[in-house]
Amino acid sequence: MKSSDSGIVKTPLVLIPGLLCDPALWAEQIAGLADVADCWVADVTRDDSMPAMAQRVLDEAPFTRFALAGLSMGGYVAQAVMRVAADRVDRLALLDTGPGADTPERTAEREDLMDLARRAKGFTPINRVMLPMLVHPSRLDDEPLVRAIRDMAERVGVEAYIRQQRAIIGRPDGRADLRRVACPTLVLCGREDALTSLALHEEMAALVPGALLEVIDRCGHMTTMERPEVVNAALRLWLSA
């Protein structure tokens, strides 16, 4: 724990971005929770497997023990951290993610997107395909939000994107591991998340003993950017559990 200037004890909080995301994914949480959380964003661009990503988080985190939150691919990495170092995690938040391994159909889709990224040498074609699955339909014309998502993708780059997709394809089924989670856990998603469904989050919440499920209405996959005020309220409650 770290004390702020006001004397409030802050919780060390490790934040893990998703596929093609960087610290901008968590910008509203870093700012909105600054009074209660000492935030650090992990780098998940340099490795091509979940175990390697998890180990890098553990090696580079500036805290011995911490609260851990991951969105989408970041949620897969958070589950990988729990498999090897649950003793370092005081509480867990899984946002817009899932418990299972890739299906053959989903892997084939990922391979097609990787081929497209290589040929295009960028993400404009992928953004056209993926954006309707990333945000609520009502936000597709929200230019600042759309631009922020596209800018993250360009900053991450094609080579890191391919490494991340390889890691996602190789992830294991984590249902048995979720049953062993013993810390306060938040499971959160947008009700209209088109990539990781509400049903998956209901399943995860049922697997983790005592987990709290938070569903955000009129929200897609990018909850931290689409509805930051609601996400921050849920995370603030989770941090105080």
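Under a GNM of the chain (C-alpha, springs under 10 Å), which listed residue has the highest mean-square fluctuation: VAL156, VAL187, VAL77? Sorting by GNM fluctuation, first place goes to VAL156. Out of every Cα-Cα pair that region 39-145 contains, those further apart than 23 angstrom amount to 41 percent. When only the Cβ of Lys, Arg, Asp and Glu is charged (+1, +1, -1, -1), the dipole of region 153-241 relative to its Cα centre reaches about 300 debye. Just to confirm my numbers, what's the Cα centroid distance between region 19-87 and region 140-172 in Å? One Cα centre to the other: 16 Å. Estimated from the Cβ-Cβ distance and a Förster radius of 30 angstrom, the FRET efficiency linking GLU203 and SER49 is about 0.80.
Taking one quarter of the surface of the C-alpha convex hull of region 122-241 gives a mean projected area of 8.2 nm².
Quick one: Debye curve from the C-alpha atoms of region 126-169, no solvent, what's log10 I(q)/I(0) at q = 0.20, 0.22 Å⁻¹? The calculated log intensity ratios at q = 0.20, 0.22 Å⁻¹ are -0.70, -0.80. Note on region 32-83: Cα-Cα pairs beyond 15 Å make up 44% of the total pair count. Here the relative contact order of region 22-148, from alpha carbon pairs under 8 Å that lie six or more residues apart, stands at 16 percent.
Label separation (GLU60 vs VAL84): 1.4 nm, computed from points 7 Å beyond Cα along the C-beta direction. For the pair region 105-122 and region 181-218, the centres of their Cα atoms are 28 angstrom apart.
Computed over the alpha carbons of the chain, Rg followed by Dmax gives 16.8, 54 Å. Between the amide H of ASP102 and those of ARG171, distances stay under 5 Å, these residues lying 5 or more places away or on another chain, with hydrogens modeled in the peptide plane. Counting only the Cα atoms, region 182-241 fills a convex hull of 69 Å³ per residue.
According to the Cα-based calculation, Rg over Rh for region 96-154 is 1.01, with Rh computed by the Kirkwood formula.
On a per residue basis, the convex hull of the C-alpha atoms belonging to region 1-93 measures out at 84 Å³.
Every number here is computed from the coordinates shown, using simple stated rules; none is lab data. Computed from a predicted structure; not experimentally measured. Note: ideal-geometry Cβ built from the backbone for every residue, glycine included; neighbour counts use all protein chains shown.
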